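Since every read-out is calculated from the coordinates, none of them should be taken as a lab result. Quick caveat, the model's predicted, so the values are computed rather than measured. Positions of Cβ are generated from backbone atoms using ideal geometry, with glycine treated the same way; all protein chains shown enter the neighbour counts.
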Amino acid sequence: MSRPSAPPRGVIAGVGRTALLVAAARAIETHRPDALARDPFAAPFVRAAPDTAGWPLHPDHVPGGAADPLWGRLGGYFALRTRVLDDHLLARARSGTRQVVLLGAGLDSRAFRLGWPHGCVVYEIDSAEVLEFKRTVLDATGAAPTAERRALAADLRHDWATALLCAGFDPAAPTAWLAEGLLLYLPAPAERRLIASVARLSAPGSSLAYETKDLAGESARVRGGPVYTEVRRRLGLDLHRLFAAGPRPDSARALRARGWAVAVHTPYEFSAVHGRGPRPEPDDALAANRWTFATAGRA
């Protein structure tokens, strides 16, 4: 497998670098015999970045295994999140939805690694830098998408809907929307606009899955705990500086007001379902995370 030369550097800075963190966690999970999800393209993304040579890509390379706060606990969270959201999107597609929109697609490879039903179109929206890095790596692997893939460069803090409509998106057809690891980084006004745009573009029967985090509820002990500390020490990522500051919108309430059915879950509920994944612990960096699944009402 060839290594792309001179990958665009924009992807390895700031929020874009968190996409590499998630990719490394998916690579580690891929090699577990009881993997919750497998992503054969995750390791090539990490290898292609110029300063991730020391990052583990296999569970045997994680000292402390599941007890490691970074690659064990946080990595296990990303693996569980991947599985749950994979299952959600495939269930929507198998029930007849043929449009999938990944808002802040990052370095996920769902358009390449999932078994989409015939006729599915997967739209990926992210920054031009992330999408170019992704294209370079995937081209080098010879990857072929398993659905029709349309990659759109747009700033999700501003108008992205115009680009989506110009790419052939049909607002009259049901859509499966996904905002995985996105809203945590958007300013509150941008999140409100994004939710309003999704609702406006969604035909009855559309769905939206997204992740939120109640940062206001995190204590100083949690912020100084091992997960945040190790991410900062080992990867140079200060997550709290990357997370959007200020009070967060109640997007679940906003969707309910528009007639959507909304269910909010903790990750631990899915750990129990799958028998793998993080469990609650004292001063838990994951305790404030919520996964929301919403469905637009029938006309």
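Here are a few things to note about the model shown:
- The Cα-based radius of gyration of the chain, divided by its Kirkwood radius, gives an Rg/Rh of 0.93.
- Amide H contacts of residue 244 (H built 1.01 Å from N, under 5 Å, at least 5 apart or other chain): 185, 186
- Tensor-based shape of the stretch 85-204 (alpha-carbon gyration tensor, a/c under 1.5 rounded, otherwise prolate or oblate): oblate
- If you sort the three axes of the alpha carbon gyration tensor as a ≥ b ≥ c, you get a/c of 1.5 or more for the stretch 172-299 and a/b above b/c, which makes it prolate.
- Amide H contacts of residue 181 (H built 1.01 Å from N, under 5 Å, at least 5 apart or other chain): 211
- The dipole here belongs to the stretch 58-173: it is taken about the Cα centre, uses +1 on the Cβ of Lys and Arg and -1 on the Cβ of Asp and Glu, and is about 360 debye.
- Farthest toward the positive end of the dipole of the chain, out of 151, 280, 255, is the Cα of 255, where the dipole comes from beta carbon charges about the Cα centre.
- For residue 206, nonlocal amide neighbours, meaning residues 5 or more places apart or on other chains whose placed amide H falls under 5 Å from its own, are 175, 296.
- ³J(HN,Hα), Karplus 6.51/-1.76/1.60, whole Hz, each residue of the stretch 72-78, x for Gly, Pro: x, 6, 5, x, x, 4, 5
- Computed about the Cα centre, the dipole magnitude for the stretch 156-299 is approximately 200 debye when only Lys and Arg (+1) and Asp and Glu (-1) carry charge, each at its Cβ.
- Footprinting exposure proxy for 109, 271, 207 (fewest neighbouring C-beta atoms within 10 Å first): 271, 207, 109
- When only the Cβ of Lys, Arg, Asp and Glu is charged (+1, +1, -1, -1), the dipole of the chain relative to its Cα centre reaches about 340 debye.
- The DSSP beta bridges internal to the chain are antiparallel in roughly 40% of cases.
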